[in-house]
Amino acid sequence: MRRLLLTFCAWLPWAAAVAQTPTSTCRTCVAKGCFDCSKHGKQLRLEQAPEVTCCSVAAACKVCAGALATDCRECSNPELEARLAERRQLAATFVAHRQQDAGEPATKQPFLFLQTTHYDLTCGLEAATVGRDKIDGHQRMHLYGQRMEQLRTLFLQTLELPESELPDRLSIYLLDDARDHGSIGPRVTGLGNAGSVSLKLMGPTYVYSMWQDRRSLPDDAAVHRNVLHGVTHLLLAQMPPSVWLGNRKSGWLDEGLAHWFEDKLGGKCTNFCFEEILLQQVASFKGGIWRPAVRRLVDDGKAPTFAVLSALNSDELSYEQHAFAFAYVDFFLAQGGGKFRDFLRAVKKGEATRDALQAGYGLTPLTIDARFQQWVKDNYSLLPPR
Ligand SMILES: [Zn+2]
Ligand SMILES: [Zn+2]
Ligand SMILES: [Zn+2]
Ligand SMILES: [Zn+2]
């Protein structure tokens, strides 16, 4: 009807005046200057989510080319039109760049790409059931964009860090096929593949590449924990001064914090790192429910001492020591995120753990054991959480 009216108007002498209507008075678009693109159906909500800046599925739209809106033809708003053009250009550039970077997928299923406020994602994940909903690969990519932004926000809140302390973008590859991870992973991280489930590069650029090996990552919840764990390592490495703690005898801090976020947002801990490579064990430690296991070992007098735990690299930790690394981080975070942030900073700067512990907590590697173990007895139940 609108189109018809417009065509009709063009014949009238005042048509030119109509075309000049300022947006603020345009009744056709209710002064918005544009319309939501009608080609995205229910998925428009995904594309308009606040964290999303570009999506390759939206960019492929023949009507809006990723701008998600079409210009109102009955009013003039050059500023808005320029903004829509800019959005189309951004989407095209992002997709082309990401496409070139990923290369051709091993299977016929094309890669999808998503840019969010702080992440660049390449996604080959297939449809999955999440909760009660069956979602397709495109929806799943958006879900990961949202989940990773949520992790970053929680990371900042937990450690009471200002936004400026995580300045770098993170690049993430979520793949379904081992061949894709095998060709992309080593190239984007500069590390060997060695049949890994995932690879990560922890500075000066921050990259995580993984594939969903269904033997060890049977469902979306397992993939979610895997990505939470891996990306937490990237965030911690990025926090200034940007160094990776895992090979500086502070594996307990690096792994402990990754487990802590895995538990916090994913419900249990099921990932273990060997240097930069994350090994996915089919048999996990205590089903990933670690608080009761730690409590049991403390009760039985089998807890590792802090002196031993705090002198190991990530790849030197046993499963049990991973669980204690998690519990120590839990213990420290219970005393305040800002305090733990300062402790982490000191260790990242190269201060001896002993000195940082004394300065931050008034504890020594000898006095901390009793304090920690009492805290475990006061806070961890022997029963698994309901
Ligand atoms: Zn209008
Ligand atoms: Zn999308
Ligand atoms: Zn569209
Ligand atoms: Zn790890």
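In table form, for the structure just shown:
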item: Tally, over the stretch 99-153, of residues that are touching a residue at least 12 places away in the same chain (Cβ under 8 Å), of a type in the set (D, E, K, R) and farther than 22 Å from T205 by Cα; result: 2
item: Condition check for M210: surrounded by 20 or more Cβ atoms within 10 Å (Cβ to Cβ) and closer than 17 Å to A128 by Cβ; result: yes
item: Condition met for E160 (surrounded by fewer than 22 Cβ atoms within 10 Å (Cβ to Cβ), modelled with pLDDT of 95 or more, within 18 Å of V223 (Cα to Cα) and charged (D, E, K, R)); result: no
item: Top-ranked residue in the stretch 126-147 [being more than 21 Å from H97 (Cα to Cα) and part of a helix (DSSP H, G or I); ranked as farthest from ligand 2 (Cβ to nearest atom)]; result: R147
item: Residues satisfying the stated conditions in the stretch 286-323, i.e. polar (S, T, N, Q), within 22 Å of T270 (Cβ to Cβ) and out of contact with any Gly (no Cβ under 9 Å at 6 or more places or on another chain); result: S318
item: So P186, is it touching a helix residue (DSSP H, G or I) at 6+ places or on another chain (Cβ under 9 Å) and surrounded by fewer than 23 Cβ atoms within 10 Å (Cβ to Cβ); result: no
item: In the stretch 308-322, the residues that are within 15 Å of ligand 4 (Cβ to nearest atom) and either farther than 18 Å from P365 by Cβ or outside any helix (DSSP H, G or I) (or both); result: L312, N313, S314, D315, L317, S318, Y319, H322
item: Criterion violated by P13 - all others in (1) modelled with pLDDT of 90 or more; (2) in a loop (DSSP other than H, G, I, E, B) satisfied; result: (1)
item: Filtered residues of the stretch 355-376 (kept if small (G, A, S), surrounded by 17 or more Cβ atoms within 10 Å (Cβ to Cβ) and more than 22 Å from G338 (Cβ to Cβ)); result: none
item: The one condition in (1) out of contact with any His (no Cβ under 9 Å at 6 or more places or on another chain); (2) closer than 16 Å to K264 by Cβ; (3) surrounded by 20 or more Cβ atoms within 10 Å (Cβ to Cβ); (4) in contact (Cβ under 8 Å) with a residue 60 or more places away in the chain that F326 fails to fulfil; result: (1)
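The values are calculated or read from the model by the stated rules, or taken from the named source; none is laboratory data. The structure presented is a predicted model; accordingly, all values stated were derived computationally and were not measured. Quick reminder, even Gly has a Cβ in these numbers, built from the backbone with ideal geometry, and neighbours come from all protein chains shown.
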